[in-house]
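Here the structure is laid out as structure tokens; the discussion comes afterwards.
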Amino acid sequence: MAKIKPSQGAAYARIMGVGGYRPTRVVPNEVILEKIDSSDEWIRSRSGISTRHWASPEETVSAMSVEAAGKAIADSGIRAEQIGAVIVSTVSHFKQTPAIATEIADKLGTGRPAAFDISAGCAGFGYGLTLAKGMVIDGSAEYALVIGVERLSDLTDFEDRSTAFLFGDGAGAVVVGPAKEPAIGPTVWGSEGDKSETIKQTDSWEAYRNGRPEKFPALTQEGQAVFRWAVFEMAKVAQQALDAAGITADELDVFIPHQANMRIIDSMVKTLKLPEHVTVARDVETTGNTSAASIPLAMERLLATGEAKSGDTALVIGFGAGLVYAATVVTLP
Amino acid sequence: MAATEKEIVDGLAEIVNEIAGIPVEDVQLDKSFTDDLDVDSLSMVEVVVAAEERFDVKIPDDDVKDLKTVGDATKYILEHQA
């Protein structure tokens, strides 16, 4: 039998740089209240959200991604042409094919990297990060770019008082490359397809094309079921990720959960019994829920404001439609 | 050993106090969680999960919406506790 030469990559992988893009338009709760019977106080108490960003027609999935990824590449200190893979996680790019990743890769001047989109909802960043880490260690890419990008305002039912205020738009990106020490822990991830109805798009594109329903499809969720799953089941997953990385809560510097809802974040912190010294990302207050973009956006902001610093140990966990989840411990770039 | 009605109401009062800051003496059988005790839908989930642990009972999401009053929750726990 012919002998196949094995691939060879780096011993370990790390996040080398992070970048984010938030659309120019800031939307306060007052704008949301034009279409629903609610109040600023109610929205804040149920979600912790005071403002979110909505993209203009020019701030496309591609344009936001290029901005965020450009910053991540600059932050990492490498050149765009060194990137061997571009992974884009999104559920709000409304063209099935080709993948938006190839256009983004081209606009970034990356050369000819492997480029593809993934769909893993609000766990998309963790899924992409895990793939990128595997590529770097496997050697199929020396450097891999992971982008989480959403225009969830395009998938929001502005007349639904339980969800109209939740979602926002934006893009976050990281560059993953070789490391001498472990800087991305084992990923604890999975799916619970039996709960696929818990968070979903109301109707398929096919049904919409056929005129049923008349209303454009939007994101919908069973609030209480999502809350219970996110807080109590995901706290277990977060703990498993800490255990898998051999990190105790005391050794943790930063906690960056998916920015779904402040109430979920607060309850997770309580359930996980995180020590006082752990910095918790609360970007949802001014960014809303941006699905796959939320973790890198929150990471970028914590580093930019100085609330977290390079070299800090951070627990990241994404969870959402599928249901799917992914958690890991990383060293911040 | 299965909890009595009084033990369940007392336990729920402690839980509601812990989660929503409502005085324990306000938590009575006829009180509505949302209308009287200011427990919103998300806090209700936390109350339910805490009650599950305390009384060794499973309360599925579909049943939570039927638990309008402290009395409803107490009856449910009495009937379903292991």
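Just a few scattered comments:
- Of the cross-linked pairs A:Lys273/B:Lys68; A:Lys270/A:Lys309; B:Lys31/B:Lys58; A:Lys270/B:Lys31; A:Lys236/A:Lys270, those separated by over 19 Å at the C-alpha level are A:Lys273/B:Lys68; A:Lys270/A:Lys309; B:Lys31/B:Lys58; A:Lys270/B:Lys31.
- In this structure, the amide hydrogen of A:Ala13, modeled 1.01 Å from its nitrogen in the peptide plane, lies closer than 5 angstrom to those of A:Ala179, A:Ala183, A:Ile184, counting only residues at least 5 positions away or on a different chain.
- Label-point gap, in nm, between A:Thr248 and A:Val26 - each point 7 angstrom along Cα→Cβ: 4.1 nm
- Amide H contacts of A:Ser196 (H built 1.01 Å from N, under 5 Å, at least 5 apart or other chain): A:Leu323
- Computing FRET efficiency as 1/(1 + (r/R0)^6) for A:Thr202 and B:Glu53, where r is the C-beta to C-beta distance and R0 is 35 Å, gives about 0.50.
- Relative contact order (%) - criterion: Cα under 8 Å, at least six apart; region: the stretch A:12-179: 35 percent
- Additional length obtainable on full extension of the chain from A:Lys215 to A:Lys5, 0.36 nm per residue less Cα span: 70.1 nm
- Note on the stretch B:4-73 and the stretch A:152-208: Cα centroid distance 32 Å, given to the nearest whole angstrom.
- Dimensionless Rg ratio for the stretch A:106-233, taking C-alpha atoms and the 2.2 N^0.38 Å reference: 1.30
- Pairwise FRET efficiency - B:Lys75 versus A:Thr60, Cβ, R0 = 51 Å, nearest 0.05: 0.40
- log₁₀ of I(q)/I(0) at q = 0.11, 0.27 Å⁻¹ - chain B, Debye sum with one point per alpha carbon: -0.22, -1.60
- Per-residue HN-Hα couplings for the stretch A:274-290 [Karplus 6.51, -1.76, 1.60; θ = phi - 60°; Hz; x = Gly/Pro]: 5, x, 4, 6, 6, 6, 10, 5, 10, 5, 4, 4, 10, 10, x, 8, 10
- Lys, Arg +1 and Asp, Glu -1 on Cβ, resulting dipole of chain A about Cα centre, debye, nearest 20: 660 debye
- Centre separation in Å (Cα based) which lies between the stretch A:18-92 and the stretch A:253-276: 21 Å
- Evaluated at q = 0.14 Å⁻¹, the base-10 log of the normalised Debye intensity for the stretch A:12-179, with identical point scatterers placed on the Cα atoms, takes the values -0.71.
- Each Lys and Arg contributes +1 and each Asp and Glu -1, all at the Cβ; summed about the Cα centre of chain B, the dipole is approximately 160 debye.
- Annotation: extensible slack from A:Val280 through A:Ser119 equals 55.3 nm (criterion: 0.36 nm per residue apart, minus Cα-Cα distance).
- Amide H contacts of A:His53 (H built 1.01 Å from N, under 5 Å, at least 5 apart or other chain): A:Val27, A:Asp169
- Cubic angstrom per residue, convex hull over Cα atoms of the protein assembly as shown: 182 Å³
- Average Cα contact separation per residue, chain A, under 8 Å, 6 or more apart, as relative contact order %: 26 percent
- Gain on full stretching of the segment that runs from A:Glu307 to A:Tyr12 - 0.36 nm per residue minus C-alpha separation: 103.5 nm
- In nm, spacing of pseudo-spin labels at A:Glu192 and B:Thr34 (7 Å Cα→C-beta vector): 2.3 nm
- Dipole of the protein assembly as shown computed with +1 at Lys/Arg Cβ and -1 at Asp/Glu Cβ about the Cα centre; of A:Thr271, A:Ala304, A:Trp42, farthest Cα towards the positive end is A:Ala304.
- Calculated FRET efficiency for the pair A:Asp266/B:Lys68, C-beta based, R₀ 25 Å, to 0.05: 0.50
- Residue-by-residue Karplus 3J(HN,Hα) for the stretch A:87-94, coefficients 6.51, -1.76, 1.60, Hz, glycine and proline x: 10, 10, 9, 7, 10, 10, 9, 8
- Rounded to the nearest Hz, the phi-derived 3J(HN,Hα) couplings of the stretch A:135-140 under the Karplus curve 6.51 cos²θ - 1.76 cosθ + 1.60 (θ = phi - 60°) are 5, 5, 6, 6, x, 6, where x marks glycine and proline.
- Gaussian network model of chain A, Cα within-10 Å springs - most flexible of A:Ile32, A:Ile87, A:Ile256: A:Ile32
- Label-point separation in nm, A:Phe94 to A:Ser38, each point 7 Å along Cα→Cβ: 2.2 nm
- Lysines whose Cα lies under 23 Å from that of A:Lys200, excluding same-chain neighbours fewer than 8 positions away: A:Lys35, A:Lys95, A:Lys215, B:Lys65
- Share of Cα-Cα pairs in the stretch A:188-331 lying beyond 22 Å, as whole percent: 41 percent
Values quoted throughout were computed directly from the atomic coordinates according to the rules given, and no laboratory measurement underlies them. No experiment lies behind these values; they were computed from the predicted model shown. As a convention, Cβ positions derive from the backbone with ideal geometry for all residues, glycine included, and neighbour counts pool all protein chains shown.
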